[in-house]
Amino acid sequence: MLTLTEENYIKAIYHLGIYGKEMVNTNAIAEALNTKASSVTDMVKKLAEKEYLNYKKYQGVKLTKSGINVAVNIVRKHRLWEVFLVEKLNFTWDEVHEIAEHLEHIKSEKLINELDAFLKFPTHDPHGDPIPDKDGKFNKIEKITLSQANVGNTYKCIGVEDTSTSFLQYLDNNNISLGTTIEILYKEPFDSSVKIKLNDLEMVVSQNVAQNLFLKPLN
């Protein structure tokens, strides 16, 4: 059975490696987990011995099929708990990530399957990210960032890249949430800020905000 720390490493490598598809260097893992590179090297060697990843010195690591399966299961639990906290316990979307970080390590498969059924098998979490089903499959989301959107077009907000409390609170304070309709009015070449229209309200968002909001074109 994997420890909590081992699971955190596998999940971090999964996300850093674009869902387990790419090699990840140990420095990136150390930065993501706020730990020393030497500690990362020790852990990835241990996980390689357990066949959850392949480790090549000076090149990095890549998850094996077993490692990807573990990561997807952790992601599934995390996102289901976020849905539960928002829909059933009235938490806001900026409050749930840290709590779900703890709940995602619960081992009971029956509990998670029952939670999934209780929630009526949600496909997306409160931040717009897809939730894998019990077989590890999830719907691919076609999306672009606000910074990639075309001037003159209208989009729907379908997710966020940054799930930090400060960013989500910023969005709440500006009435931006999943499902919000956003019209692109102008892009400022100087600083890459974007002028947008929400309902009848016009506002300018920074490049940082534009890079962290996911949109889908409205047909």
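For the stretch 142-163, taking the residues that are assigned to a loop (DSSP other than H, G, I, E, B) and free of Cβ contacts under 8 Å to residues at least 60 places away in the same chain, the one that is nearest to E95 (Cα to Cα) is identified as D162. Does any residue of the stretch 160-177 turn out to be of a type in the set (A, V, I, L, M, F, W, C) and open to solvent by 70 Å² or more (accessible area, probe 1.4 Å)? No. Would you check if there is a residue in the stretch 18-29 being in contact with a Gly (Cβ under 6 Å, 6 or more places away or on another chain) and in a loop (DSSP other than H, G, I, E, B)? Yes, the stretch 18-29 contains a residue that is in contact with a Gly (Cβ under 6 Å, 6 or more places away or on another chain) and in a loop (DSSP other than H, G, I, E, B). Is it the case that I106 is among the aliphatic types (A, V, I, L, M), outside any helix (DSSP H, G or I) and open to solvent by 30 Å² or more (accessible area, probe 1.4 Å)? So I106 passes the test. Of the numbered criteria (1) closer than 28 Å to V75 by Cβ; (2) without any contact (Cβ under 8 Å) to a residue 24 or more places away in the chain, the one H127 fails is (2). In the stretch 61-78, of all residues being out of contact with any Asp or Glu (no Cβ under 9 Å at 6 or more places or on another chain) and part of a strand (DSSP E or B), the one that is nearest to P126 (Cα to Cα) corresponds to L63.
N113 meets all of the listed conditions (1) under 19 Å from F138 (Cα atoms); (2) buried (at least 19 other Cβ atoms within 10 Å of the Cβ) but one, namely (2).
Taking each residue of the stretch 17-45 that is open to solvent by less than 30 Å² (accessible area, probe 1.4 Å) and looking for partners that are part of a loop (DSSP other than H, G, I, E, B) with beta-carbon atoms closer than 8 Å, six or more apart or interchain, yields G17/M23; V24/G17; A30/K36. Can you find a residue in the stretch 133-152 that is surrounded by 13 or more Cβ atoms within 10 Å (Cβ to Cβ) and farther than 29 Å from E98 by Cβ? Yes, that holds for at least one residue. Being in a strand (DSSP E or B) and surrounded by 11 or more Cβ atoms within 10 Å (Cβ to Cβ) is not true of G128.
Table: residues versus (1) more than 14 Å from the chain's Cα centre (by Cα); (2) at pLDDT 95 or above.
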position: I18; (1), (2): no, no
position: M43; (1), (2): yes, yes
position: L53; (1), (2): yes, yes
position: K57; (1), (2): yes, no
position: G60; (1), (2): yes, no
position: N69; (1), (2): yes, yes
position: W81; (1), (2): no, yes
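Every residue in the stretch 182-201 that is closer than 28 Å to T123 by Cβ, free of Cβ contacts under 8 Å to residues at least 40 places away in the same chain and surrounded by 13 or more Cβ atoms within 10 Å (Cβ to Cβ), please. Within the stretch 182-201, I182, E183, I184, L198 qualify.
The values are calculated or read from the model by the stated rules, or taken from the named source; none is laboratory data. As the structure is a computational prediction, the values presented were derived from the model and not from experiment. Using ideal geometry, Cβ is built from the backbone for each residue, glycine included, and neighbour counts are taken over all protein chains shown. Protein only, heavy atoms only, side chains kept; ligands, DNA and RNA dropped before computing areas. Shrake-Rupley method; radii C 1.70, N 1.55, O 1.52, S 1.80 Å.
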